[in-house]
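Here the structure comes first, spelled out in structure tokens, and everything after it is commentary.
Computed from the coordinates by the stated procedures, all read-outs in this text should not be read as laboratory data. Just so it is clear, the model here is predicted, and its values are computed rather than measured. All Cβ positions, even for glycine, are placed from backbone atoms using ideal geometry, and neighbour counts span all protein chains on display.
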Amino acid sequence: AVPRDLEGVRVVVTAGGTREPLDPVRFLGNRSSGKQGYALARLAAQRGAEVTLIAAASTGLPDPPAVRVERIGTASELQSAVDAAAQDAEVVIMAAAVADFRPATRADAKMKKGAASEPDSVALTRNPDILKGLVTRRGAGGLPATRVIVGFAAETGDADGDALHHGRAKLARKGCDLLVVNTVGDDRTFGLDSNDGWLLSADGSERAIEHGSKSLMSTRILDSVTALLGDGHCR
Ligand code: PMT
């Protein structure tokens, strides 16, 4: 049976890949399907949490039962939604694949081949780091309810080698409480029903997560979240 160990805990989960428009018909995007974030949201609700799922509109997945779903398109929309929802959430889990860059300009009309305005390159602007922003705001006392912030690291390369190494550096950079390291690339994780990886804690502990369903991965992640909440964890 699923434990009700998150009864009444307010949890925000993000899922899916943001899309950054170039013009009304084209965008820069990524291959996240949203499945990992949805699995987390579904399980957190089953464990008793009040869940807000902020999901990329592109996911096309059915709303999980008993979960409030907000849909966003771009990283900037995701940031506004997360910042608002985090205001009274104890737990924030950033499983969304957020575009680090967006086109510097968005054309109002479809860009045409052969037109005088045909671009020969795309200038990019850096998007805000939403996860880092949450950690900074909490540190400054701006998120009084928020006790656990979970980030993800989507890394290419070997799970026990490069990916873990990059994950450790990312945990230090982002300053979140838990970081889930998983590997992505051709035929890995994106869009699949299974996942595996590592769970790194700010206290230096590291735990391998065995290969299994995204639901099993969610169980391992939420077990660590409840352990931190049970410890009275507060930074
Ligand atoms: O959706 P699926 O097909 O099921 O695939 C799941 C997944 C691989 C997308 C998921 O498990 C995952 O790893 N999500 C995070 C993807 C990602 O953006 O990783 P990153 O290493 O680029 O970012 C690190 C962390 O910072 C993430 O928590 C991300 O949400 C956050 N971030 C990144 C960039 C940015 N501008 N703002 C952020 O908050």
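Given the rule -39500 (n - 2.57) for each run of at least 4 DSSP H residues, summed and divided by the residues of the chain, what is its mean residue ellipticity at 222 nm, to the nearest 500 deg cm²/dmol? Before the final figure, lay out the partial values.
Details: 5 runs with 64 residues, N = 235.
Computed mean residue ellipticity for the chain: -8500 deg cm²/dmol.
Once you have the Cα-Cα distance between Arg26 and Glu7, take 0.36 nm times their residue separation minus that, and quote the gain in nm to one decimal.
Here the answer is 2.6 nm.
When the distances between all Cα atoms of the stretch 176-216 are binned every 5 Å from zero, what whole-number percent does each bin get?
Going out from 0 Å in 5 Å bins, the stretch 176-216 shows 6, 23, 28, 21, 14, 7, 1 percent.
What is the order of Phe27, Phe152, fewest Cβ neighbours within 10 Å to most? Kindly include the intermediate steps, with their values, before the conclusion.
Details: Phe27 18, Phe152 27.
Listed from fewest to most nearby Cβ atoms, that is Phe27, Phe152.
By counting other Cβ atoms within 10 Å of each Cβ, how are Ser117, Ser32 ranked from fewest to most?
Listing Ser117, Ser32 from fewest to most nearby Cβ atoms yields Ser117, Ser32.
Pick from Leu22, Leu164, Leu53: which is most flexible by mean-square fluctuation in a GNM of the chain where alpha carbon atoms under 10 Å apart are linked?
Largest GNM mean-square fluctuation: Leu22.
Can you tell me which of Asp187, Asp120, Asp196 moves the most in a GNM of the chain? Springs connect C-alpha atoms under 10 Å apart.
Fluctuation is largest for Asp120.
Need one number: % antiparallel among DSSP beta bridges in the chain, to the nearest 5.
35 percent
If the chain between Asp231 and Asp187 were fully stretched, how many nm would it gain, using 0.36 nm times the residue separation less the Cα-Cα distance?
12.0 nm
In a Gaussian network model over the chain where Cα atoms closer than 10 Å are linked, find which of Gly142, Gly151, Gly161 has the largest mean-square fluctuation.
Gly161
Among all the aspartates and glutamates, which ones have a C-alpha under 16 Å from Lys113's C-alpha, if same-chain residues fewer than 8 places away are not counted?
The reachable aspartates and glutamates, counting only those whose Cα sits under 16 Å from Lys113, are Asp23.
Restricting everything to alpha-carbon atoms, can you work out Rg to Rh for the stretch 113-235 with a Kirkwood hydrodynamic radius?
Taking Rh as the inverse mean 1/r over Cα pairs, Rg/Rh reads 1.10.
Using Cα pairs under 8 angstrom and six or more residues apart, how large is the relative contact order of the chain, in percent?
Once normalised by length, the contact order is 19 percent.
Just to verify a number: FRET efficiency for Asp88 and Lys132, C-beta to C-beta distance, R0 = 30 Å, to 0.05?
0.90
Go ahead and run the numbers for FRET between Phe101 and Asp158, Cβ-Cβ distance against an R0 of 22 Å, rounding to 0.05.
0.25
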